[in-house]
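First comes the structure, then the notes that go with it.
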Amino acid sequence: MEDRDTIICRCEDLTREDVRKLIEAGYTTVEEIKRISRCGMGPCQGRTCHQLLVREIALLTGKDPAEIPPHKARPPIKGIKLGTLLAGGEKHD
Amino acid sequence: MTKMSADVVIVGGGIIGCATAYYLAKQGVTDVVVVERDFLASGSTGRCGAGVRQQWGLKMNILLAKESIKAFETLNEELDTGLDIEFKQQGYLMLAYTEKMVEQYKKNVALQQSLDVPARLISPAEAREIVPYLNTDGLLAATFCPTDGHINPFTTTNSYAIAARRLGVRIMTGTEVTGIEVKDGRVVAVETSAGKIHTNAVLNASGGYSREVAAMAGVDLPTYPERHQILVTEPVAPIQGPMVISLHHGFYCQQTPHGSFIMGFGDPNELKEHVVSSTWHFMEEMAAKVLPVLPPLAQLRVVRQWAGLYNMSPDAQPILGEAPACRGFYNAVGFSGHGFMLGPVTGMLMAELISGKEPHIDISPLSLERFEKGELLREPSVV
Ligand SMILES: Cc1cc2nc3c(=O)[nH]c(=O)nc-3n(C[C@H](O)[C@H](O)[C@H](O)COP(=O)(O)OP(=O)(O)OC[C@H]3O[C@@H](n4cnc5c(N)ncnc54)[C@H](O)[C@@H]3O)c2cc1C
């Protein structure tokens with residue numbers, strides 16, 4: 001399969017070609033690529049793409065995947081509706 | 001280690017540092033080094049709401065923001081990096097819920113119009129035409145300026161950096177400034193984790209760390225960090241044009257061109273320390289503030305929350321200029337939560353100042369000396 005047909009991040013529709021271009025342009029950390037391309041910023045919170053992204057960085061930079069710092073996981077763990085938060089929030093008022 | 005030197009060393013690779021580096025190089029000062037501890041836009045810039053507005057109550061802020069927005073309008077063409085700053089120029093809608101606020105907004109709009117900013121006072125019904133699902137209960141009036149908007153802070157900062165590099169600027173990421181050497185009241189060198197850089201001009205563009213960096217040069221700044229939290233939802237089809245902002249509730253809420261909604265509010269009890277963790281309480285209170293005003297957003301799922309630092313100054317206005325106590329030490333700090341939008345104009349002004357030119361807008365009221373003289377500025381319209 002071509003790099004441009006291989007999806008790395010499904011939520012943000014990012015292909016292997018997109019990611020490789022960014023790594024070649026000098027964005028060689030997970031945090032930088034996430035911010036510039038939204039890779040891993042979708043509803044799945046990077047659960048599917050994160051490992052794939054680390055692998056691409058390792059392949060192109062020649063680094064050991066274990067040495068590539070993982071992305072910072074941010075809350076909430078699972079998407080939560082604002083309306084649900086409101087129901088919970090009323091207790092405090 | 002080879003001996004390093006530069007005409008100008010910039011501490012911090014956020015919007016302020018990268019924009020100033022670019023405008024310096026554009027003016028011909030290309031021997032510039034930007035030193036960034038982490039990666040570009042890793043500080044407040046990459047954590048901010050990235051709203052840009054000209055609807056201020058202070059003439060200085062209106063002039064600065066207007067100039068910045070003019071620059072943002074053509075920045076993609078000017079920097080020509082292939083990155084898109086994603087300027088969504090669909091206005092800011094500012095809601096007024098008290099008579100006092102209406103009076104203030106009337107004054108603000110008159111001042112804005114006198115400076116050629118196309119803001120106007122509108123009725124609740126007109127506000128609903130702009131945001132059809134706005135609940136107008138209790139709303140007395142609003143102001144709207146169609147040329148305000150929202151921008152992608154990552155691509156903007158990186159665009160400035162790429163354009164600056166193309167002109168010869170060196171950018172050292174993953175490098176920390178650890179000391180500043182001063183001799184006879186003048187900067188002579190910057191110490192970094194990658195060695196010493198000899199220089200006679202340093203720009204402090206370190207955002208939330210401005211006080212610590214200034215202290216390295218023996219300069220005492222009255223700035224302090226304050227945590228601000230923010231969240232983002234899943235993306236949906238475009239339904240909201242402008243940033244909606246209610247100073248009464250203290251919140252702002254915008255739909256990005258990508259479809260997600262970002263929102264935050266000012267919490268007077270927030271931590272005034274270097275912490276960027278986020279709290280569950282913030283999400284609940286955010287929902288409680290925004291949903292009565294924008295009810296359909298209840299259906300949106302929050303996918304992420306985070307926090308960043310405002311770099312506060314005593315009058316919530318930036319501090320721009322050379323420090324009187326140390327020649328060659330320049331500050332562009334204390335943006336107090338509105339520094340992203342001031343990035344381009346600050347970059348231009350600091351570049352003029354550092355290269356010995358007269359700044360094209362008189363920024364002497366923003367000097368550090370104002371605190372000593374008691375000449376504080378008062379901006380009535382901050383979140
Ligand atoms: C939640 C939130 C929402 C906001 N919303 C808006 C908004 O809607 N509109 C707006 O205009 N502004 C907004 N702001 C404010 C805006 O983010 C800041 O004013 C602006 O980004 C400041 O840019 P800066 O370049 O000065 O600072 P930063 O982006 O913080 O850059 C400073 C850099 O200096 C580096 N640094 C610090 N110390 C050292 C050292 N010793 N050595 C090397 N590097 C160092 C840091 O790593 C950092 O990258 C918001 C801020 C927050 C937190």
- The whole-number value in µm²/s of the Stokes-Einstein translational diffusion coefficient for chain B, with Rh from the Kirkwood sum over alpha carbon pairs at 37 °C and 0.692 mPa s, is 155 µm²/s
- With Cα atoms, 0 to 90° folded angle of helix B:343-354 axis to chain B main axis: 30 degrees
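Summarise the accessible area of segment B:101-172 (1.4 Å probe, protein heavy atoms) by the percent that is carbon and sulfur.
Working: 1620 of 2940 Å².
On segment B:101-172, the fraction of accessible area on carbon and sulfur atoms equals 55 percent.
In what sequence, largest accessible area first, do B:ASP315, B:ASP137 appear using a 1.4 Å probe? The partial results should precede the final answer.
Working: B:ASP315 5, B:ASP137 115 Å².
Solvent-accessible surface, decreasing: B:ASP137, B:ASP315.
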- Note on the structure: Among beta bridges assigned by DSSP with both residues in chain B, the antiparallel ones amount in percent, to the nearest 5, to 70 percent
- Note on the structure: Helix-only [θ] at 222 nm, the protein assembly as shown, -39500 (n - 2.57) per DSSP H run of 4+, per residue, nearest 500, equals -9000 deg cm²/dmol
- Residue farthest toward the positive end of the dipole of segment A:3-87, with Cβ of Lys/Arg at +1 and Asp/Glu at -1: which of A:LEU22, A:THR84, A:GLY42? A:THR84
- Item | Ratio of the Cα radius of gyration of the protein assembly as shown to 2.2 N^0.38 Å, where N counts its residues | 0.97
- Among the aspartates and glutamates, which fall within straight-line cross-link reach of B:LYS59, defined as a Cα-Cα distance under 13 Å, with same-chain neighbours fewer than 8 residues apart omitted? B:GLU67, B:ASP116, B:ASP362, B:GLU379
- Note on the structure: At the level of C-alpha centres, the distance separating segment A:27-41 and segment B:241-291, in angstrom, is 23 Å
- Query: Taking a probe of 1.4 Å, how large is the accessible area per residue of segment A:3-87, in Å²?
  - Reply: 52 Å²
- Query: Mind checking the dipole of chain B: about its Cα centre, +1 per Lys or Arg Cβ, -1 per Asp or Glu Cβ, Debye to the nearest 20?
  - Reply: 140 debye
- Other residues with Cβ under 12 Å from the Cβ of A:CYS49 give, with Lys and Arg +1 and Asp and Glu -1, a net charge of +2
- Task: With both partners inside the protein assembly as shown, how many of the DSSP beta bridges are antiparallel, as a percent to the nearest 5?
- Result: 70 percent
- Pair B:GLU103, A:MET1: separation of 7 Å Cα→Cβ label points (nm): 6.5 nm
- Ignoring ligands, DNA and RNA, how much accessible area is buried between chains A and B, both sides summed, with a 1.4 Å probe, to the nearest 100 Å²? 2700 Å²
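Just tell me the longest site-free run in chain A, where the sites are trypsin sites (Lys or Arg not before Pro) in a DSSP loop having at most 11 other beta-carbon atoms within 10 Å. Walk me through the intermediate numbers first.
Numbers: sites that count: A:LYS72, A:LYS78.
That gives A:1-71 as the longest site-free run.
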- Item | Accessible area of B:SER277 in the full protein assembly, 1.4 Å probe (Å², nearest 10) | 60 Å²
- Restricting to lysine pairs 8 or more places apart or on different chains, what number in segment A:3-87 have Cα atoms under 26 Å apart? 9
- Message: Only protein chains counted, 1.4 angstrom probe. Which residues of segment A:35-56 are at least 20 Å² less accessible in the assembly than when their chain is isolated?
- Response: A:ARG35, A:ILE36, A:ARG38, A:MET41, A:PRO43, A:GLN45
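Ranked highest first by the average count of other Cβ atoms within 10 Å around their residues, in what order do B:214-220, B:125-131 fall?
On the way: B:214-220: 17.7, B:125-131: 16.1.
Ranking the peptides B:214-220, B:125-131 by packing returns B:214-220, B:125-131.
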- Task: Over segment B:1-136, average the accessible area per residue using a 1.4 Å probe and give it in Å², no decimals.
- Result: 40 Å²
- Where does the charge balance sit around B:PHE265 when Lys and Arg score +1, Asp and Glu -1, over other residues with C-beta under 14 Å from its C-beta? -3
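Please give the charge dipole size of the protein assembly as shown, origin at the Cα centre, charges +1 on K and R Cβ atoms and -1 on D and E Cβ atoms. Round to the nearest 20 debye. The partial results should precede the final answer.
Values: 47 positive and 55 negative charges, 87 e Å.
Using Cβ point charges on Lys, Arg, Asp and Glu, the protein assembly as shown gives about 420 debye.
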- Query: Considering only B:ALA217, B:VAL131, B:LEU121, whose Cα is most displaced toward the positive end of the charge dipole of the protein assembly as shown, charges sitting on Cβ of Lys, Arg (+1) and Asp, Glu (-1)?
  - Reply: B:VAL131
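Counting only protein heavy atoms, what percent of the accessible surface of segment A:3-87 is carbon or sulfur at a 1.4 Å probe?
On the way: 2360 of 4440 Å².
The C+S portion of the solvent-accessible surface of segment A:3-87 is 53 percent.
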- Message: Run the Debye formula on the Cα coordinates of chain A, all scatterers equal and no solvent, and tell me log10 I(q)/I(0) at q = 0.13 1/Å.
- Response: -0.48
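About its Cα centre, how strong a charge dipole does segment A:3-87 have in debye, to the nearest 20, once Lys and Arg get +1 and Asp and Glu get -1 at the Cβ?
440 debye
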- Message: Can you find, among B:HIS228, B:PRO242, B:GLY308, the residue sitting farthest towards the positive end of the charge dipole of segment B:191-317, where Lys and Arg contribute +1 and Asp and Glu -1 at Cβ?
- Response: B:PRO242
- Query: Which chymotrypsin sites (Phe, Trp or Tyr not before Pro) in segment B:76-176 pass both tests, a DSSP loop state and at most 16 other beta-carbon atoms within 10 Å?
  - Reply: B:TYR133
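Less than 12 Å Cβ to Cβ from B:SER381, Lys/Arg counted +1 and Asp/Glu -1: what total charge do the surrounding residues give?
Working: positive: B:ARG53, B:LYS107, B:ARG378; negative: B:GLU379.
That works out to +2.
The values are calculated or read from the model by the stated rules, or taken from the named source; none is laboratory data. This is a predicted model, so every value here is computed, not measured. All Cβ positions, even for glycine, are placed from backbone atoms using ideal geometry, and neighbour counts span all protein chains on display. Surface accessibility is based on the protein's heavy atoms, side chains included, excluding ligands, DNA and RNA. Shrake-Rupley method; radii C 1.70, N 1.55, O 1.52, S 1.80 Å.
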